[in-house]
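Just so it is clear, none of the values below were taken in a lab; they were calculated from the coordinates. Here the structure is a predicted model, which is why all the values come from computation and not from measurement. Cβ atoms come from the backbone with ideal geometry, glycine included; neighbour counts cover every protein chain shown.
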Amino acid sequence: MNITSSKIRVDLDQSTGVAVMWMQSPPVNSLNMDLLTEFNTTLENLEMDKSCHGVIITSSLPRIFSAGLDILEMYQTSPEHCGQFWKAVQELWLKLYGCNLATIAAINGSSPAGGCLISIACDYRIMADNPRYSIGLNETLLGIVAPYWFKDTMANTVGHRTTEMALGLGLLYSAPEALNIGLVDKLVSEDQVVNTATHTMGKWLAIDEHARQVTKSMMRKPTIDKLLSNREADIHNFVSFITKDSVQRSLGMYLKMLKNRKG
Amino acid sequence: MNITSSKIRVDLDQSTGVAVMWMQSPPVNSLNMDLLTEFNTTLENLEMDKSCHGVIITSSLPRIFSAGLDILEMYQTSPEHCGQFWKAVQELWLKLYGCNLATIAAINGSSPAGGCLISIACDYRIMADNPRYSIGLNETLLGIVAPYWFKDTMANTVGHRTTEMALGLGLLYSAPEALNIGLVDKLVSEDQVVNTATHTMGKWLAIDEHARQVTKSMMRKPTIDKLLSNREADIHNFVSFITKDSVQRSLGMYLKMLKNRKG
Amino acid sequence: MNITSSKIRVDLDQSTGVAVMWMQSPPVNSLNMDLLTEFNTTLENLEMDKSCHGVIITSSLPRIFSAGLDILEMYQTSPEHCGQFWKAVQELWLKLYGCNLATIAAINGSSPAGGCLISIACDYRIMADNPRYSIGLNETLLGIVAPYWFKDTMANTVGHRTTEMALGLGLLYSAPEALNIGLVDKLVSEDQVVNTATHTMGKWLAIDEHARQVTKSMMRKPTIDKLLSNREADIHNFVSFITKDSVQRSLGMYLKMLKNRKG
C-alpha cells in the first residue's frame, strides 16, 4: 500500500506491519509548515492503522536526512505565524517521541538541528557510515537556542554533560563521532541504511506490543509531560526570542551565508 | 556465626563485620513469597546487628544467581495474593537500595529480571566472567513490564538511553557485555566471585561509616521517596496489569515454554 | 590589564576578552574565607566588565590547583563562623556554575574536594597530563559529606553511577583516569595547560554570546534553583553536621595526619 502526499511518501508492508516514511521535499527536507503538517498527519494515520506496528523514517533525497526547521518560516514573518509554526514543531515531537509504534530513524544523510531532533525522538538510530554526514543540535551556530525539550531528548540519549557541550558549542558530529558518543546506535553502508532498519525493526516487533508500549511510555512520559503542561508558555518564549531584532539579524546573516555558499 | 533459614544461609564474620547471604532455594532461587520474606527479614536483622557493617549477596546454587520473581506467585492467583506478593517485592527493593550496610552483589550465575534488580540495588557488582551467564531486566520478553522503580534503579546504574533500549527489547547481557555497559563493575573467575567481593568490601568499610551512609542516602533517597510516597498506587497498578487476561496468557505461554525446555 | 588582590591575580586580555584568574594563596590554594571572598568578588567584577567574555581559572602554585575547602575554617570554630563560611562556599558555586562568561578550568595540579568543585562548575576542563595529579570529591575520606549540590554538579558531569561510587569511596582519580570517566575533557602537558585553555576559549567565544548564555542557563538552572530555594536549610544542615563531636574528631585526626606528613 502506498499513501503518498506531496512531501512524504509512505510504503506500508502489510505483511510485516512496517511502514517507511520517505521525506521527499527538495532540496533538503527543510521542516516547513507543509512538511511538518504532513509528517504529523502521516504519523497519526499510521498510528491509528491497526495493520501498522513500526515506522522507519528516512529521506528520499541524496546526502540529506533533513536540514531541520525551515528558517524562512521564522525570518521576517509575523509573531502569529512564528507561533503556529512552533506549535507544529511541538506537535511533531510530541507525536514522535510518544509514538505507540516502534520507530527507527534511517539517517541516510546529514541531520542537523530539527533533523537531529527527529532522529533522537525515534527508538533507534541507524546512520550511513559516511564521515561527511553530520548530526547534532547546532542551533547556537545560527544564534538561536534549542528549547528545553530538544535538550531533554538529547540528554536522554547522550547524557547531561555531552548535551551541555554539544548545545553550547553547536557541535555537529560526523557519523563515526555520533556513534562514539551514542547519538546514533549503528553505522552501515549508505545503501544498507533502510534495509538494516527494516531488519532491526523485526527485533522491536518481536516484543509483546502492549509491554513494549507501556515500557516506552514509562521511559518518556515525564519528559513529554513537561512540555504538555507548558505548551503555551513554550510558544510564547519561542516567539519572544525569535522576533528579537538581534536574533532576526543572526538569521538574516545565516540565510545570506547559505545563499553565497550555493552561489 | 551462622544464622540459617531454609532459603538463605548467612555467614557473618564478626572479625570483619562482613556477612554473606547465600540464596539457597533450588532450583533457581526464584523470588517467591518465602524467599522474599526471608530475604527481607535477614537483611533487616543484619542491619540492626551492630557487629555487621557490610553484606555480600550471592547464590549457593550452580550457574544461577536468581531467576527473578516467581511467576507462579502471579499466574492464576488471586488479586489479593498478587498484591501481597508485590508488596514483598517493593519491601525487598526499599530495604536493599536504602540499606545502611555496604552491599555487594557477588553474581555467580545468571541474573535475569528480579535477580538483576537485587544486583543493581547493591553498592557494587562483581560477576563471574562466564559469557554464558547473563543479566538484565528482560520483563518485556515475558509480556510484562518492569515498574518505574526497577527502571529508575537501572537508569541510575547505566543511564537513561541504555535503560530505554534494555527494557524496551528485554535485553539480557552476557557478563562481558554487562561490564561494557556498566551494569556490573568487575568480572572475575567463577571461583573468585565471593572472595573478591569480600576483599572489595574492605574498601567500603574503610570509609567512615556515618559519612558513607549519609552519602549513600543522598544519592538514593530521591529514587526511594518516589516509591515510598506511592506504594499503594504502585501495588494497584501491578495487580491491574498482571491480572489482565492477555498478560495471564503471556505468562501461561512462558511457563509452558520453560516446562518444555526442561522436559 | 591586571587586577590583583592578595590571593588572586587577574590578567584580562582586552583584545580577546579572556581573563585568567590565577589562584596564588600558598601553600595549596586552600579555600579559606579570604580566598573565597576574593574569588567571588573577582568573578562578579569580570562578569560585569563588558570587555570580558570568558574566564580561565588556574593556579600560580606548583603541583596544586586547589586543595579545596580550608578545614581550619570548620575545625573548632563557632557555628556562626561555620555558617558564614558555608554561605561563601555556596556563593562561589552559585556564581561560577551560573556564570554568564564562558569558563574553563586550567587544572595544572591536584584538585581534590573543593578544587574539584571549582573544576566541574566550569564549562570545560583541561588538566595537566601528570598521573601524579589527582582530582575528585574525596570528602568521605575526611569523614565529611559532599552536599547535594556538589553531588548534582558531579552527576551532571560524569553521571549518577560514577558519582555514587566516587563519593561513596571518596575516590581521587589520576589525570588519565579523570579523562577516562569524563571528569576532565582534555589532558595536555603541564606547561601547555593555560595556553590550551586560551586557545580552546576561542571556540566558546565564537558562539553568539546571547545564544550561548541562554543555552548554558537552560542546562544549569534546574540544578542551581535547587540550592537557591534552599540555601538556609543547606547552611543549617552543614553547621549541624560539621559541629558534631564525631565529625570534629575526624577533622582533627585528618589535620594531625597532614601535619605529620609535612613534618
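Please report the relative contact order for region C:2-205, taking Cα pairs under 8 Å with a sequence separation of at least 6, and give it as a percent rounded to a whole number.
So the answer I get is 19 percent.
On a 0 to 90 degree scale, rounded to 10, what angle separates helix C:79-97 from the longest Cα axis of chain C?
The helix C:79-97 is inclined about 30 degrees to chain C.
To the nearest whole number, what is the average tally of beta carbon atoms from other chains within 10 Å of the beta carbons of peptide C:201-208?
3
Just to be sure I understand: of the beta bridges DSSP finds with both ends in chain C, what percent are antiparallel, rounded to 5?
35
Counting DSSP beta bridges in the protein assembly as shown, what percent are antiparallel, to the nearest 5?
35
Spelling out what I want: for every residue of region B:241-248, take phi, set θ = phi - 60°, compute 6.51 cos²θ - 1.76 cosθ + 1.60 (Karplus), and round to whole Hz; glycine and proline get x.
So the Karplus estimates, Gly and Pro as x, are 5, 6, 8, 4, 4, 5, 6, 4 Hz.
So what does the Cα-only Debye profile of chain C read at q = 0.07, 0.10, 0.12, 0.17 Å⁻¹, as log10 I(q)/I(0), no solvent term?
Rounded to two decimals, the profile gives -0.22, -0.46, -0.68, -1.46.
Could you go through region C:124-136 in sequence order and give the Karplus-derived ³J(HN,Hα) for each residue, using 6.51 cos²θ - 1.76 cosθ + 1.60 with θ = phi - 60°, rounded to whole Hz, and x for Gly and Pro?
Here the 3J(HN,Hα) series is 7, 10, 10, 10, 5, 7, 9, x, 7, 7, 10, 8, x Hz.
Where in region A:15-101 are there trypsin sites (Lys or Arg not before Pro) that are in a DSSP coil and have at most 16 other Cβ atoms within 10 angstrom of their Cβ?
Here the sparse-neighbourhood loop sites are A:K50, A:R63.
Highest mean first, what order results for A:231-241, B:166-176 on Cβ atoms within 10 Å?
Going from most to least packed, we get B:166-176, A:231-241.
Which residues' amide hydrogens lie under 5 Å from the amide hydrogen of B:G170, considering only partners 5 or more residues apart or on another chain, with H built in the peptide plane?
For B:G170, the qualifying residues are B:T140.
What is the distance in Å between the Cα centroid of region B:63-120 and that of region C:213-257?
35
By Cβ position, which chain A residue lies least far from the axis that rotates chain A onto chain C, and what is the distance to the nearest whole angstrom?
Value returned for chain A: A:G159, 3.
Over 22 Å between Cα atoms: which of B:K216/C:K226; A:K151/A:K226; C:K186/C:K216; B:K7/B:K186; A:K226/C:K216; B:K7/B:K256 fall into that group?
B:K7/B:K186; B:K7/B:K256
Which residues' amide hydrogens lie under 5 Å from the amide hydrogen of B:I107, considering only partners 5 or more residues apart or on another chain, with H built in the peptide plane?
Excluding prolines and chain starts, which carry no amide H, the hits are B:I126, B:M127, B:A128.
So what J values fall out for region A:139-146 if you push phi through Karplus, 6.51 cos²θ - 1.76 cosθ + 1.60 with θ = phi - 60°, rounded to Hz, Gly and Pro as x?
3, 4, 4, 9, x, 10, 10, 5
Taking the Cα centre of chain A as origin, work out the dipole magnitude from +1 charges on Lys and Arg Cβ and -1 charges on Asp and Glu Cβ, in debye rounded to 20.
Using only the charged Cβ atoms, the result is roughly 560 debye.
Taking a label point 7 Å from Cα toward Cβ, how far is C:S60 from its twins in the other copies, in nm, shortest first?
Label-point separations across copies, in nm and ascending: 6.8, 6.8.
Would you mind counting up the charge near C:V10? Only other residues with Cβ under 13 Å from its Cβ, with Lys and Arg at +1 and Asp and Glu at -1.
The answer is -4.
Hey, quick one: spin label on B:H81, modelled 7 Å out along Cα-Cβ, who in region B:239-263 has an amide N within reach, i.e. under 20 Å?
The answer is B:239-259.
Amide H of C:I64 versus every other amide H placed in the peptide plane: which residues, excluding those fewer than 5 positions away on the same chain, fall under 5 Å?
Distant-sequence amide H within range of C:I64: C:S110.
Picking from A:S66, A:S229, A:S111, which is most flexible by a Gaussian network model of chain A using Cα springs under 10 Å?
In this elastic network of chain A, the residue with the biggest mean-square fluctuation among A:S66, A:S229, A:S111 is A:S229.
Give a quick list of trypsin sites (Lys or Arg not before Pro) in region B:98-191 that DSSP marks as loop, anything other than H, G, I, E or B, with at most 11 other Cβ atoms within 10 Å.
Sites meeting the loop and neighbour criteria: B:R132.
By how many degrees, 0 to 90 and rounded to 10, does the Cα axis of helix C:33-48 deviate from the longest principal axis of chain C?
20
Over region B:106-220, what is the mean sequence separation of C-alpha contacts under 8 Å (at least six apart), divided by residue count, expressed as relative contact order in percent?
Taking the mean separation of contacting Cα pairs over the length of region B:106-220, I get 31 percent.
Roughly how many nanometres apart are two label points built 7 Å out from the Cα toward the Cβ at A:L205 and A:K259?
Going by the 7 Å Cα→Cβ label model, 4.7 nm.
Excluding same-chain residues fewer than 8 positions from C:K221, which aspartates and glutamates have a Cα within less than 17 Å of its Cα?
Counting by Cα, and skipping residues close in sequence, C:K221 has these aspartates and glutamates nearby: A:D152, A:E164, A:D234, C:E91, C:D123, C:D152.
Can you tell me the FRET efficiency between A:T37 and C:L72 if r is taken as the Cβ-Cβ distance and R0 is 60 Å, rounded to the nearest 0.05?
So, using R0 = 60 Å, E works out to roughly 0.35.
Using a 7 Å offset from Cα along the direction of the beta-carbon, what are the separations from C:K87 to the same position in each other copy, nm, ascending?
4.9, 4.9
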